[in-house]
Structure formats: C-alpha cells, structure tokens
Amino acid sequence: MPLQHYWPIRADDKCRSIKYAVEWGNNNEKQAEEIGKAGSSFVQEELKMDYVYDYMFHLLSQYAKLLKYKPSIPPKAIELCSESMACPAQALEKKFMMESMVGGPSSEAPCIMPPPYDPAALHSILEEKQNSIQLVEEWEKQHGDGERKHP
C-alpha cells in the first residue's frame, strides 16, 4: 500500500515526483523509516522465493498442457543441480542462493485470493490505495505551487 509500504512515484512526472519524495523523506525521517521498514517486512514475508517458485512451477505446468507436442530433453543436455551453482559462490551471493533453493513445488494452487478479500473488501483496499496516491499527488502539486508543505 502506498504510504504504508512504499512512496508512490508518478509515471508521468518522475523527476518532480522523486524530488518531492526525497524532500518529504528528509523532512519526515521517522515516517520515511517506518515506510521503509514496513516495505522491507512485506517483501520478506509476502514475496518469498518459495512463492515465486510455486507461481513459476504452476504457470509452466498449466502452459505445458497447451502444448501440441511432447517436449524432450536433447541427447547432449547436461543437468545442473542447484548445489553445483551455489557451492562455488562466495559471501552474500552464496547466502542468497542457498536461501532461495526449494525442495519442490507447493501442492497449493497459486494466485488464489485468500480471505478476507471478498469483492467488497478488495474494492475497499483498491480505493484506499488510490486515495493514498491521490493524496501524494496533491502534496506534490501544493509543494510545486509554492503553497504549504505537508508536515
């Protein structure tokens, strides 16, 4: 969510929007730090590599059902295992590779909207998101017009 997990940047006026975001962050360090921490926490908890791999596995599995031919492994192909790529790596590279390895796909289907996101709740969340973006755009406009800055 904008202003909760990240600061929204306008696609149609990026330079001015980034300039305002930096100024706002410098003037509101505690709030900016809270937004940054909430965004990092969200990414670490909700965008785990397990979820990405599960999505890719299910996406490719569904795509495979559409193929009209049976794929086969070329005779001179060499199988690479995760460990052979991660073991020679050093420091952070190795750490991230080891953390991103998974044992197998999840048995759960990806992209299922979990409760409580019924249509009304989802609409409310999307509306809140849009309102936050519009609020930042209003602050940018006020700042650009020489009017009051947001505290």
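The values are calculated or read from the model by the stated rules, or taken from the named source; none is laboratory data. Bear in mind that the values here come from a model prediction, so they are computed numbers and not experimental data. As a convention, Cβ positions derive from the backbone with ideal geometry for all residues, glycine included, and neighbour counts pool all protein chains shown.
Miscellaneous remarks
- Annotation: of all residues in the stretch 27-85 being at pLDDT below 95 and among the β-branched types (Val, Ile, Thr), the one that is nearest to residue 139 (Cα to Cα) is 43.
- In this structure, residue 93 does satisfy being modelled with pLDDT of 75 or more, charged (D, E, K, R) and surrounded by 11 or more Cβ atoms within 10 Å (Cβ to Cβ).
- Only one of 1, 101, 113 that is modelled with pLDDT under 75 and within 30 Å of residue 135 (Cα to Cα): 113
- Residue 48 farther than 30 Å from residue 4 by Cα and among the basic types (Lys, Arg): no
- Listed conditions (1) of a type in the set (A, V, I, L, M, F, W, C); (2) in contact (Cβ under 8 Å) with a residue 24 or more places away in the chain; (3) closer than 30 Å to residue 136 by Cβ are all met by residue 18, apart from (2).
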